[in-house]
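Single-structure report; data block below.
The values are calculated or read from the model by the stated rules, or taken from the named source; none is laboratory data. Source: prediction; values computed, not measured. Note that we place each Cβ from the backbone using ideal geometry, even for glycine, and neighbour counts take in every protein chain shown. Heavy atoms of the whole protein, side chains included, go into the accessibility calculation; ligands, DNA and RNA do not. Shrake-Rupley method; radii C 1.70, N 1.55, O 1.52, S 1.80 Å.
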Amino acid sequence: MLVSLKEILARSIEEKYAVGAFNVTNHQMVEAIIEAAESTDVPVIINIAEVHFKYLDLKKFLPYLKNRIEASFVPIALHLDHGLSFETVIKAIRLGFSSVMIDASSLPFEENVALTAKVVEAAHAAGISVEAELGHVAGGEGNLDGGTEVNRDTFTHPEEAKKYVAKTGIDALAVAIGTVHGPYKGQPELDFDLLVKLRKEVDIPLVLHGGSGLNDSDFRKAIELGINKVNFYTQNSIQAVEAIYRQIRDTKGKIGFPELTLTAQSEILKQTKKQIELFGTKSLNIKNK
């Protein structure tokens, strides 16, 4: 069933768990993620990032995706990931997304506030949840070239975060505490002390972008200290490609394309289930009638 991001994260702060937000670019990824959610009977968030629009015809893909979500018995939010403009957000709302992210994190604080508040006004009028980012998580979705270094100068400041949430009225806040989009250059070192301060200052769900590459203990500690939504894409993509490569190698290339797509789907299912269990996601106890 299709639900809002606000509804899907409603109990996450009090009960100290996170919900996985998994990016999709095709039908096989959708089917793997929904199967993972249904097999564990927990809610999930399906992301489509603006940078991935080039892989999809949204007007044709969204009807399938919304119908697939509505047919599922688990709560699922359909989320615009990293919308970069007001126009993109409005497009997503009109297409039927149940939540949107406006990413104005590259702008100065006051400009970020102004654009985000404008998005919140429009989205909330339509019953749509809004996520935004303060500080800046570097790197790009699926960028596998050399990795990205962490820049502490772009980390989220707790005092600014409190003001930002109050001024914008957002429903979830993406924070920069040491992750990057895509692979890391070097070893990830999350600033858990900063996360504790952010949790004390902010009373809405906190979001961790750039989750691929973290070890299990990093995820557990981040969630214990206040992360409520975890974005996850790059590792799913890498695992699927590696599985396809192994199958082509083992069969000496004597294999059809449909078998390769099923291999990718199976690998993403396995990885997504692992992450869901790691995040400690709990059932919302609501079912489709």
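Once the Cβ-Cβ distance of Glu87 and Val241 is raised to the sixth power relative to R0 = 25 Å, the FRET efficiency obtained is 0.15. Could you work out which residue, out of Arg199, Arg249, Arg152, moves most in a Gaussian network model of the chain, that is, has the largest mean-square fluctuation with Cα springs under 10 Å? Maximum fluctuation in the GNM of the chain, among the listed residues, is at Arg249. Where both bridge residues fall in segment 5-279, DSSP classifies roughly 0% of the beta bridges as antiparallel. Taking a straight Cα-Cα cut-off under 29 Å and skipping sequence neighbours fewer than 8 places away in the same chain, the lysines within cross-link reach of Lys60 are Lys6, Lys91, Lys118, Lys229, Lys270, Lys273, Lys287, Lys289. Averaging the Cα positions of each part gives two centres, and for segment 1-73 and segment 188-241 these lie 18 Å apart. Highest mobility in the GNM of the chain, judged by mean-square fluctuation with C-alpha springs under 10 Å and restricted to Leu225, Leu58, Leu198, is found for Leu58.
The protection proxy used here, the mean number of other Cβ atoms lying within 10 Å of each residue, ranks peptides 200-209, 154-163 as follows, highest first: 200-209, 154-163. Think of it as helices only: each DSSP H run of n ≥ 4 in the chain is worth -39500 (n - 2.57), and spread over all residues that comes to -14500 deg cm²/dmol at 222 nm. For the chain, find the longest principal axis of its Cα atoms and tell me its angle to the long axis of helix 86-95, 0 to 90°, nearest 10. Taking the Cα atoms of the chain, the angle to 86-95 is about 50 degrees. When you restrict to C-alpha pairs under 8 Å that are six or more residues apart and normalise by the size of segment 1-62, the relative contact order lands at 34 percent. Site pair Ile255 and Ser106 shows an inter-label distance of 3.8 nm when each label is modelled 7 Å from Cα along Cα→Cβ.
Ligands, DNA and RNA left out, the 1.4 Å accessible surface of the chain is 51% carbon and sulfur atoms. Entry comment: accessible area of segment 5-279 is 44 Å² per residue, from protein heavy atoms only and a probe of 1.4 Å. Only Cα pairs under 8 Å and 6+ residues apart enter the sum, and on that basis the relative contact order of the chain stands at 24 percent. If you run the Gaussian network model on the chain, springs between alpha carbon atoms under 10 Å, then out of Gly127, Gly256, Gly83 the most flexible one is Gly256. Counting every alpha-carbon pair across the chain, the share separated by more than 23 Å comes to 52%. Comparing Gly253, Leu214, Ile238 along the charge dipole axis of segment 214-259, the residue lying farthest to the positive side is Gly253, per the Cβ-charge model. Extending 7 Å from the Cα toward the beta-carbon at both Ser72 and Leu58 defines two label points whose distance is 2.0 nm. Rounded to the nearest 20, the Cβ-based charge dipole of the chain about its Cα centre (Lys and Arg +1, Asp and Glu -1) stands at 740 debye.
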